[in-house]
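Below is one structure, written out as structure tokens; the observations come after it.
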Amino acid sequence: MRIITDDRCTGYFHPGHPERPERISATLEKLRRQTEVPITWSKPGPCAAAAILRAHTRELLVRLTVPEDFDPDTPFFPNIADYARASIGAALEALKAALAGETVFSLMRPPGHHATRNRAMGFCYLNNIAVAALEALANGTRRVAVFDFDVHHGNGTEAILLNQPGAAFFSIHQFPCYPGTGTRNVGANCFNFPVLPQTSRAEYRQVLTSALEHLQTFKPDLVAVSAGFDCYARDPLAQGSLEPEDFYWLGQSIRNLGVPTFSLLEGGYSSDLPDLILTYLRGLEGK
Ligand SMILES: [Zn+2]
């Protein structure tokens, strides 16, 4: 298992904000202490402007340097553009490792799946997974599926990949919930699987299974996973119902797709996040 991470991702915080550096630092501690999953550690790779500009406007890159909050959830931080670029650099490094046949997880922040082409929102500044998916397509991967199991709809990824040849997007998320989108399929390639708040665990698993089955009919050559752990039963930000063993099952199911995959951390705000991530990694690793 290759884990891509960097000190830069814990370099900014806003007092009281749930998307906090401890999400990563506590997970790092847990992963360094455990012996079940052998880990190779890597740093984020470079992040070329051209790769970002496939997914985002120049206006957004300029906006990231203007010291004003983006919305009440998404504060401005000095150098946030650099933190967001490092997170993309990690996504691109994860893509490279996946294509080389490795099992890989990017343990970085900020997350990305709410960032649209021209807007930072929902704790996200640049869309890591969309940039990586477009990079893969630009470099000869023919069919890329993004599988997003964060409890929130990946509205930004959907907006960027909408009707993009070779790409398909599958999102399983709570509705009603932030950001209020994802109630139906959109365009030719974006498939949404909304679940009601407090949906039973068995039913939630069934919806995830349907989404994975649908994804397989797309016959992807590569699967990029927006791994959000806020669909956990005890997450403070939503009313999901998944238990730790469901994240093991998710990892195992993604491994069983039998194609190269890479996973990027999106949400997950409970104090159990380190255990949930380790459980997911064990599933991915087949341990
Ligand atoms: Zn989320």
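The values are calculated or read from the model by the stated rules, or taken from the named source; none is laboratory data. What you see is a predicted model; the values in this text were computed from it and never measured. Note that we place each Cβ from the backbone using ideal geometry, even for glycine, and neighbour counts take in every protein chain shown.
Of everything listed in (1) within 13 Å of the ligand (Cβ to nearest atom); (2) in contact with a helix residue (DSSP H, G or I) (Cβ under 9 Å, 6 or more places away or on another chain); (3) within 18 Å of Phe262 (Cα to Cα); (4) not hydrophobic (A, V, I, L, M, F, W, C), the single unmet condition for Gly182 is (3). Counting only helices (runs of 4 or more DSSP H) that fall entirely inside segment 74-165 and contain at least 1 residues that are touching a Pro at 6+ places or on another chain (Cβ under 6 Å) and within 27 Å of Ser25 (Cβ to Cβ), the qualifying elements are 80-99.
The residue list Ser270, Ser226 contains one member that is without any contact (Cβ under 8 Å) to a residue 60 or more places away in the chain, within 17 Å of the chain's Cα centre (by Cα) and buried (at least 16 other Cβ atoms within 10 Å of the Cβ), which is Ser270.
Of the residues Ala49, Ala55, Ala97, Ala81, only one is modelled with pLDDT of 95 or more and touching a helix residue (DSSP H, G or I) at 6+ places or on another chain (Cβ under 6 Å); which?
Ala55
With the structure loaded, tell me whether Ala55 is buried (at least 17 other Cβ atoms within 10 Å of the Cβ) and either of a type in the set (Lys, Arg) or away from the ligand (no atom under 16 Å from the Cβ) (or both) or whether it fails that test.
Yes, satisfied.
Scanning segment 28-70 for residues that are closer than 25 Å to Leu134 by Cβ and touching a strand residue (DSSP E or B) at 6+ places or on another chain (Cβ under 8 Å) yields Ser42, Lys43, Pro44, Phe70. Of all the numbered requirements in (1) crowded, with 23+ Cβ neighbours inside 10 Å; (2) within 24 Å of Thr10 (Cα to Cα); (3) within 15 Å of the ligand (Cβ to nearest atom), Ile88 misses one, and that requirement is (3). Of the residues making up segment 135-158, those that are within 15 Å of the chain's Cα centre (by Cα) and away from the ligand (no atom under 16 Å from the Cβ) are Val144, Ala145.
Only residues that are assigned to a helix (DSSP H, G or I) and either surrounded by 20 or more Cβ atoms within 10 Å (Cβ to Cβ) or under 21 Å from the mean Cα position of the chain (by Cα) (or both): list them for segment 180-205, please.
Within segment 180-205, Tyr204, Arg205 qualify.
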